[in-house]
Each structure stands twice: as structure tokens, then as C-alpha cells.
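Notes for the one structure printed next.
The values are calculated or read from the model by the stated rules, or taken from the named source; none is laboratory data. Because the structure is predicted, anything quoted here is derived from the model rather than measured. Don't worry about glycine lacking a Cβ; one is built from the backbone with ideal geometry, like all the others, and counts go over all protein chains shown.
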Amino acid sequence: MKAVVLSVKGFIIRFFVRHYTKILSLAAFLLLWQLVITVFGIKQFIIPSPLATFSTLFVPEIAQRYNWLLHIRTTVSEVLISFAVTAASGIFVALLITWSKALRRIITPVLTLLNSLPKIAFAPLFLIWFGYGLVPNVIIAVLIAFFPVVINTATGLSAVEEDLLDLVRYLHASKPQIFLKIRIPNSLPYIFSGLKISTTLCVVGAIVGEFVASASGLGYLLKDAQAMIDSPPMFASLILISIFGLSLFAAISILERLAMPWQDRVKES
């Protein structure tokens, strides 16, 4: 037990030493925010103070009015499911359009058409087809986040030197071998770039869906608090939404380092 406590303390110390400038900057920002509200007497319904904002999250008597656990669980579920669907379907479609010229001629116009349409325009249709709940919000998020994954992955799969392809073809490499040994490894930086973009877009899509077709979630809470001119939970919701987006982005960055350890060595050199 003592060893675990020492390990946790060591982790906290290392984290603070590594990120102390960011932590101090955040603390200074919150202090300045509180001072501005206090000195200028800004009304809470316009801009709430940090104390009022965090009270809605951490003071039990206040937090229970907003049922944070339900809303957080709904939004996190939508974001994670939509991201998983986006990553799998986006990479799969990119593989298809890179594998076959015939499939590229069929799929590319459909993708271009869908990408040209404002995604929020689909929300009323999804509301009619699927009703309120998880499904329409996930679909909206997938539509918003899908195209960067497809475009980046397809670019990475295609961005292979022709001389290298000619060489492996001369050595009688099959098409699956070229994809597995050359195209997919070459596309990893592009894939992770697309996934990083889609992390924030999945969060945006889930919140947009909750504005239209949900009875729970942080987007629904934002809309409900706006109708009541209740600013503290609105700011608290925005903070939580940003934390979700940053956490998912950080998780993909860690996965990228694990999948491509040579990238760190290249940067160091």
C-alpha cells in the first residue's frame, strides 16, 4: 500500500513538473475571471463566476438539480460510439476507393454530394425516422466527422512513391501484400491526423444532435439552461464538453505514439 502511495505521489510530482506552466496559466486565468466578475459586478445571467460555475458541478445541493450523471453518460456514449463508427467506416471506405478504380468512380460522387450538404439539415429527417435518443445523435455525429477520416486515409494510401511500387511489382508482390506492407504503414500518419480531426467533430456532432433530437445530454442541458437564462450550468457544460474533446484527442495521440514509435525518434533527431 505504501509503495502504491509513493508511486502516485511520484506521478503527480512528475506531471506537475512537466506541465506546471499550463497549470499555472489555467489557475491565473480562473483567478482573473473571478476578479473581473467581482470588480465589475457583472450579473450572473450574463457571465457567471468560476465559483458559481463549479458550484453547479461539485456542490451536491446544487448539482443534484441538473442530474449531471445522466447528461454526461449520454454525451460520452454518443461521442464514443460515433467515433468508433467513424473510424471503422471511414478507413474501410478509404480502402475501397484506393483498392479499386471502379469503386472510386462510384463512391466518390456520393461522398462529394453528402459532404456538400449541411449536416444539420438531416436532423429533422432523423428525428422523424428514428425519434429521440441515441441513434439520431450518433448518425449526425458520424456524418459530421466521417469525411476527414476518409480523405486523410485515402491520401495516405495513395501517397506512395511510384518507384517503390514499381520495385515491389517487379518482385511479384501481390496487391494485398502491397497494401499490407507498404500502403497501410505509409498511411498511418494520415490516418491518425484524420482521427484527431474527427475527435472534435464527433463531440460537435453529438452536441448538435442533442440540440435537436434528445431528452438528455450536455447539449440538451445547454438548450434547457439557455431557455431558463441559467448561465452557470451552461458554462459548466461547455467546460465538460471541452474536457471530453481534449481527452479523446489525447487518447488518440497516445495510440499514435504506440502505433508509430519511430515518429518520436525522428523528431528527437
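Note on region 243-269: among residues that are of a type in the set (Gly, Ala, Ser) and assigned to a helix (DSSP H, G or I), the one that is modelled with the lowest pLDDT is Ala259.
Those residues that are among the hydroxyl-bearing types (Ser, Thr, Tyr) and assigned to a helix (DSSP H, G or I), I need them from region 87-139; list them, please. Of everything in region 87-139, those that are among the hydroxyl-bearing types (Ser, Thr, Tyr) and assigned to a helix (DSSP H, G or I) turn out to be Ser89, Thr98, Thr108, Thr112, Ser116. For region 71-109, residues that are among the polar types (S, T, N, Q) and closer than 18 Å to Ser214 by Cβ total 4. For region 240-252: of the residues being surrounded by 15 or more Cβ atoms within 10 Å (Cβ to Cβ) and either among the aliphatic types (A, V, I, L, M) or not assigned by TED's automatic domain parsing to the domain that holds Trp68 (or both), which is nearest to Leu57 (Cα to Cα)? Only one residue fits best here, namely Leu240. Would you call Pro189 within 23 Å of the chain's Cα centre (by Cα) and buried (at least 17 other Cβ atoms within 10 Å of the Cβ)? Answer is no for this residue. Of the residues making up region 28-37, at least one is modelled with pLDDT of 75 or more, over 19 Å from Pro232 (Cβ atoms) and surrounded by 10 or more Cβ atoms within 10 Å (Cβ to Cβ). Could you go through region 82-93 and let me know if any residue there is hydrophobic (A, V, I, L, M, F, W, C), surrounded by fewer than 12 Cβ atoms within 10 Å (Cβ to Cβ) and under 18 Å from Asn152 (Cα atoms). Within region 82-93, one or more residues are hydrophobic (A, V, I, L, M, F, W, C), surrounded by fewer than 12 Cβ atoms within 10 Å (Cβ to Cβ) and under 18 Å from Asn152 (Cα atoms).
Comparison of Leu69, Leu57, Leu103, Leu95 shows that the only residue that is in contact (Cβ under 8 Å) with a residue 60 or more places away in the chain and in the same structural domain as Phe192 (by TED's automatic domain parsing) is Leu95.
If you go through region 72-106 and keep only what is of a type in the set (S, T, N, Q) and within 20 Å of the chain's Cα centre (by Cα), you end up with Thr74, Thr75, Ser77, Ser82, Thr86, Ser89. Filter region 135-178 down to the residues that are of a type in the set (S, T, N, Q) and buried (at least 16 other Cβ atoms within 10 Å of the Cβ), then identify the one that is farthest from the chain's Cα centre (by Cα). Checked region 135-178; the qualifying residue farthest from the chain's Cα centre (by Cα) is Thr155. Residue-level analysis places Pro185 outside the set of residues that are part of a helix (DSSP H, G or I) and either farther than 18 Å from Phe92 by Cβ or touching a strand residue (DSSP E or B) at 6+ places or on another chain (Cβ under 8 Å) (or both). Residues satisfying the criterion are present in region 154-162 (criterion: touching a helix residue (DSSP H, G or I) at 6+ places or on another chain (Cβ under 6 Å), part of a helix (DSSP H, G or I) and under 30 Å from Pro136 (Cβ atoms)).
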